[in-house]
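**Q** Quick one: the structure is below, questions incoming.
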Amino acid sequence: MRAFQTLFALSFLTFALTACGSGAYTPETVFTALNNDPSGVVGKFRITVRRVGWYNDTLFLMSDPNYRAPHILIVMVRGDTVRDILQGKNQTVQQYFLNREIQVSGLARRGRVVSKDSAGNLTGPSYYQTRIFVGNAEDFEVSHE
C-alpha cells in the first residue's frame, strides 16, 4: 500500500509541475501556501542551503542554520538519490550543497517534531518543521555560480 501511495504521489507531482509553470516557492511564500492548504503543497521550491545534516541515510538540506527555526524549509533526500546527484563529482555533500541555491520539485508538508526516549516518553519540547520530500535526482537543480 505504501508503494502505491508513493507512486500515486509522484505521478500527481509530475502532472502538477507540468501545469504550474516555472514559478518556485521560496521560504517566504511556501508558508502562505501551506496556510491555504495544510495537507501539503506540490511544486518547485528554491532555497539557499545554510545547513546540511544526515539521519538514517536521509540528507537534510536546511534553509536556516537553526533546524528549530519557525520558518525553516528542509529538503529531505534519500541517500541513494544523493549518491546519484554526486556521481562523478569530486566533492563532499557539504562542499556540493552548503551555501548554494537549490531548486527542487517535491511535496512540502508542515509537521510536528517530538523527541522521545526508548520508553516513548517525551524528552523535550516539540517544534514544527516544513519539509520538502524529493523523489529522485531529476527533481534537483544546484546553482554553482
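The values are calculated or read from the model by the stated rules, or taken from the named source; none is laboratory data. As the structure is a computational prediction, the values presented were derived from the model and not from experiment. Positions of Cβ are generated from backbone atoms using ideal geometry, with glycine treated the same way; all protein chains shown enter the neighbour counts.
**Q** Scan segment 63-80 residue by residue and report those that are out of contact with any strand residue (DSSP E or B) (no Cβ under 8 Å at 6 or more places or on another chain) and under 21 Å from Gly135 (Cβ atoms).
**A** Of everything in segment 63-80, just one residue is out of contact with any strand residue (DSSP E or B) (no Cβ under 8 Å at 6 or more places or on another chain) and under 21 Å from Gly135 (Cβ atoms), namely Asp80.
**Q** Something else about it: Can you name the condition, by its number, that Asp80 falls short on among (1) modelled with pLDDT under 90; (2) more than 21 Å from Tyr127 (Cβ to Cβ)?
**A** (1)
**Q** Given the conditions (1) of a type outside the set (A, V, I, L, M); (2) in a loop (DSSP other than H, G, I, E, B); (3) within 23 Å of Ala24 (Cα to Cα); (4) over 13 Å from the mean Cα position of the chain (by Cα), and given that Tyr96 satisfies all but one, which numbered condition is not satisfied?
**A** If we test Tyr96 against (1) of a type outside the set (A, V, I, L, M); (2) in a loop (DSSP other than H, G, I, E, B); (3) within 23 Å of Ala24 (Cα to Cα); (4) over 13 Å from the mean Cα position of the chain (by Cα), just (2) comes out false.
**Q** Right, another one. Go through segment 50-74 and give me each residue that's in contact with a helix residue (DSSP H, G or I) (Cβ under 9 Å, 6 or more places away or on another chain), buried (at least 19 other Cβ atoms within 10 Å of the Cβ) and not small (Gly, Ala, Ser).
**A** Selection gives Leu59, Leu61, Ile72, Leu73.
**Q** Before we move on, is Arg112 modelled with pLDDT of 90 or more, charged (D, E, K, R) and part of a strand (DSSP E or B)?
**A** In short, no.
**Q** Could you go through segment 130-140 and let me know if any residue there is surrounded by 12 or more Cβ atoms within 10 Å (Cβ to Cβ), more than 19 Å from Thr29 (Cβ to Cβ) and of a type in the set (A, V, I, L, M, F, W, C).
**A** yes
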